Amino acid sequence: EWRNIMKVALSYEFLKRVDTTYVMAADSRDVLLLDDPRRLVERMEALPGCRMLFNAERNHYPRQSRTKTFERRVFEQSTSLELSDGAKYFQYLNSGAWVARTDFCRPLHEEALRVRPPLSYSDQGVYKILYKRHYPQIQIDHECEVFQTLCVTKPKEFAVIL
């Protein structure tokens, strides 16, 4: 029986065998890759100190992770978007897609195995805790330049740009 928390251990085992400079993970259910995968690496490397870049979402889940204030503060400090009250921004980490330097990701996943998840079945709380511990090495694609989640997003909120 599949549970998303299994992604942490599976990623750890997979990373033992990876010999590339970069590694990427993406859920098949709710994440879109918006451009050439090389842009992921370029975007990540352009962010000061960033070694791992996560997808963003509007919903803070799981709330038991107690990182909402931290995630919101980082978003407000790092975004180039003009902020307005009531607007729905992609300010929270979504673990459905990420790209990372392999040499950073390996020990991070070893650490992840020791993190007690806020929800026993969800990997997202684990990654949120690691984000708070390792920011700015871990950052979020707040402006959806390379990732787009479909979670809690309606079709009318998208525009196709060619």
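The values are calculated or read from the model by the stated rules, or taken from the named source; none is laboratory data. If you're wondering where the values come from, they're calculated on a predicted model, not measured in any experiment. FYI the Cβ positions are ideal-geometry reconstructions off the backbone, even for glycines, and counts take in every protein chain you see. Heads up: the accessible areas ignore ligands, DNA and RNA and are worked out on the full protein's heavy atoms, side chains in. Shrake-Rupley method; radii C 1.70, N 1.55, O 1.52, S 1.80 Å.
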> Taking region 42-67 on its own, how many of its residues are in a helix (DSSP H, G or I) and more than 14 Å from the chain's Cα centre (by Cα)?
Replying inline: 6
>> Kindly evaluate residue 29 against the criterion of being within 22 Å of residue 155 (Cα to Cα), open to solvent by 50 Å² or more (accessible area, probe 1.4 Å) and either touching a residue at least 12 places away in the same chain (Cβ under 8 Å) or in contact with an Asp or Glu (Cβ under 9 Å, 6 or more places away or on another chain) (or both).
In response: yes
>> Return the residues of region 113-123 that are modelled with pLDDT of 95 or more and surrounded by 21 or more Cβ atoms within 10 Å (Cβ to Cβ); say none if nothing qualifies.
In response: 123
> How do the pairs read when you match residues in region 113-126 that are touching a residue at least 40 places away in the same chain (Cβ under 8 Å) with residues anywhere that are assigned to a loop (DSSP other than H, G, I, E, B) and open to solvent by less than 20 Å² (accessible area, probe 1.4 Å), using Cβ under 6 Å and keeping only pairs 6 or more apart or on different chains?
Replying inline: 118/62; 119/62; 122/62; 125/62; 126/115
> Which one of 79, 149, 102 is at pLDDT below 90 and either of a type in the set (A, V, I, L, M) or surrounded by fewer than 17 Cβ atoms within 10 Å (Cβ to Cβ) (or both)?
Replying inline: 79
> What are the residues in region 82-99 that are part of a loop (DSSP other than H, G, I, E, B) and over 20 Å from residue 39 (Cα atoms), if any?
Replying inline: 82, 83, 84, 85, 86, 87, 88, 89, 91
>> On the basis of being in contact with a strand residue (DSSP E or B) (Cβ under 9 Å, 6 or more places away or on another chain) and either modelled with pLDDT under 95 or of a type in the set (A, V, I, L, M, F, W, C) (or both), does residue 6 make the cut?
In response: no
>> On the basis of being open to solvent by 70 Å² or more (accessible area, probe 1.4 Å), over 22 Å from residue 13 (Cα atoms), charged (D, E, K, R) and touching a residue at least 60 places away in the same chain (Cβ under 8 Å), does residue 132 make the cut?
In response: yes
>> Please go through (1) surrounded by 11 or more Cβ atoms within 10 Å (Cβ to Cβ); (2) at pLDDT below 95; (3) in a helix (DSSP H, G or I); (4) of a type outside the set (Ser, Thr, Tyr) for residue 74 and return the number of the only condition it doesn't satisfy.
In response: (2)
> Can we say residue 126 is within 14 Å of the chain's Cα centre (by Cα) and either under 23 Å from residue 155 (Cβ atoms) or among the small types (Gly, Ala, Ser) (or both)?
Replying inline: no
>> Restricting to region 33-46, count the residues that are surrounded by 15 or more Cβ atoms within 10 Å (Cβ to Cβ) and of a type in the set (A, V, I, L, M, F, W, C).
In response: 4
>> Can you find, within region 1-17, the residue that is surrounded by the fewest Cβ atoms within 10 Å (Cβ to Cβ) among those that are part of a helix (DSSP H, G or I) and either basic (Lys, Arg) or touching an Asp or Glu at 6+ places or on another chain (Cβ under 7 Å) (or both)?
In response: 12
